[in-house]
Amino acid sequence: MLDGQNTVVDHLVKIIQAIQIGRTTGSLMATRGEGSSYELGTLVFLNGRVVQARVGRREGREAFNWLSTWGRCRYTFVLSITSESTTGNLLGDIPDQLVQEESKASSGDGRQVNGVVPYRSKPLGYGLQVLAEKSLSRMHRHVFLLVDGARGVGDLMRLLKLNEYEVLTLLYDLQDTGIISLPSPLSL
C-alpha cells in the first residue's frame, strides 16, 4: 500500500494515517489536477511523524492540513532508512504532529550540517550505472556528479539552488544506494 509509484488513492489522509501508524520514514509526494489546477504536495516523515510539509506556497501546518483534505489524487511514497540515534541530533525534538524544517540544524558536536562534506564511495562509472538501474532522478545524478569530497552541503545548496533539507534528502538517497558516504554525524 505504501510503496506506491504514482498510485491513485481516493483519500490522501488514509495514506498519511497509514504512514503515521506504521511509524514509517520516507517522503510522500502527491499530485492532483491538471493544467492551471495542478498541485504537487510533499510530506516528509520520520518514524511516522511529519517533519516537513509543502504544497505550492503553503508550508508547515498549513500545507499538512491542506494535503489532509485531498480526495482523489496520485501519490508516490519513497521509503528511507534512518538511524534514530543520529536523527535526533540533526532534527532536534520532533513534536507529535508536525515540525517545520529548521534551516540551521546542527549535529551533536556543534558542527553545522552545511559544513559536512560527502564523498563518493564507488567509482564514477559504477555510480552512474547504479543511478540508471535504480531509475533515480536527474537531480540525483546531478548531485552525484557534484559530490567530489571537497564540496560541503552548503556548497551543494548554493550550486543546486536547493534548501538544506532538499540537498540532504538527495544525499541520503544516494547514500542508501551505496555510491556515496556521509560523515558519521549525518547518517539519517
Practice task
Take every Cα pair under 8 Å in region 106-186 that's 6+ residues apart, average their separations, divide by the length, and report that relative contact order as a whole percent.
Solution key: 45 percent
Exercise for the section: Take the alpha-carbon centre of region 42-73, take the same for region 116-188, and report the distance between them in whole Å. Expected result: 25 Å
Problem - Mean shadow area of region 7-84 over all directions, Cα convex hull, nm² - result: 4.9 nm²
Practice task
Sort 118-126, 43-51 for me by packing, meaning the mean count of neighbouring Cβ atoms within 10 Å per residue, highest on top.
Solution key: 43-51, 118-126
Problem - Translational D in µm²/s for region 106-186 (Stokes-Einstein at 25 °C, 0.890 mPa s, Kirkwood Rh from C-alpha pairs) - result: 195 µm²/s
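The numbers here are math on the coordinates, done by the rules we state, and not lab data. As the structure is a prediction and not an experimental result, all values here were calculated from the model. Counting neighbours? That spans all protein chains shown, and the Cβs are built from the backbone with ideal geometry, glycine included.
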